[in-house]
1. Direction-averaged shadow area of the convex hull around the Cα atoms of the range 1-149, nm²?
2. Between residue 64 and residue 243, what is the spin-label point distance in nm, taking each point 7 Å from the Cα along the Cα→C-beta axis?
3. Can you sort 56, 75, 240 so the residue with the fewest Cβ neighbours within 10 Å comes first?
4. Compute the Cα gyration tensor for the range 180-252, then decide on rounded, prolate or oblate, letting a ≥ b ≥ c be the square roots of its eigenvalues: rounded whenever a/c is under 1.5, prolate when a/b is larger than b/c in the other cases, and oblate in all that remain.
5. In what sequence do 48, 62 fall when counting other Cβ within 10 Å, fewest first?
6. Calculate for the chain the 222 nm mean residue ellipticity that helices alone would give, adding -39,500 (n - 2.57) per DSSP H run of length 4 or more and normalising by residue count, nearest 500 deg cm²/dmol.
7. What ranking do 14, 31 get, fewest neighbouring Cβ atoms within 10 angstrom at the top?
8. Using the beta-carbon distance between residue 33 and residue 94 and R0 = 35 Å, what value does 1/(1 + (r/R0)^6) give for FRET efficiency, to the nearest 0.05?
């Protein structure tokens, strides 16, 4: 069954870009207007993040978001047959930031948000950086598609560790040599009672403690990566060093710095963020949540 599914996906990836994007436009329309996939969640998130924007402005952001959302999946199929030459043409980054850090011998945590297109960004980090690149991922429920996606992600040597078994598999990399590990640290915590509560677009929001704890334990440099499209089908990853001294920060302050930068990047290009993600699903309760952190 795997080979049948893979063959179909590969043939599909050979379609011209123009045809692929026509299909993406159609799917985006169906998701937003017909199926109404998470439309209420997107509307609520945009209203909370941008209360001062008009309804028409938020509608424009939502329309652009659904287009980029479907584009990201269409473009993932294209990666199955994309040549090195094509990828080099369609993706750029300031990877020299990572190269300079590599020379110091310090390990790196690449702090990302749920931007588009993360598959291009994964390739770029592994292809253009000198560090062995570690990506943490959530396995797909379908084992055949999971195998296909892992194969794509590993093309340039990415080391993929499932979040479900992260602690056991990561230990050897933490002790054996240099690495750069990417973390999407804006996911909802499994237990909001043990999270850092930080203002995010003016709302107290829980953020996982793991990345900060790991940075301090292993003294890893913190680098924020903002990846975004420069035009349809073309992307850029911008790396910015947040700190090379994580232990100088008090508890929660390093995470607060990440949240501040994340919010700034989202404001620059609102449609580039995964608004179907229910970031404000947990309300803050002062009687239960003691880990309050301010910027």
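Please treat every number below as a calculation from the coordinates, not as lab data. Quantities reported herein were computed from a predicted structural model and do not represent experimental measurements. Glycine also receives a Cβ, built like all others from the backbone with ideal geometry; neighbour counts cover every protein chain displayed.
1. On the way: hull surface 46.8 nm².
Average of the hull's projected areas for the range 1-149 equals 11.7 nm².
2. Distance between label points: 3.3 nm.
3. Working: 56 8, 75 25, 240 14.
Ordered by Cβ neighbours within 10 Å, fewest first: 56, 240, 75.
4. Details: a/c = 2.20, a/b = 1.33, b/c = 1.66.
Oblate.
5. Numbers: 48 15, 62 19.
Sorted ascending by nearby Cβ count, the order is 48, 62.
6. Working: 11 runs with 134 residues, N = 295.
Estimated from H runs of four or more residues: -14000 deg cm²/dmol.
7. Values: 14 11, 31 18.
Ranked by crowding around the Cβ, least crowded first: 14, 31.
8. Values: r = 38 Å, r/R0 = 1.09.
E between residue 33 and residue 94, to the nearest 0.05, is 0.35.
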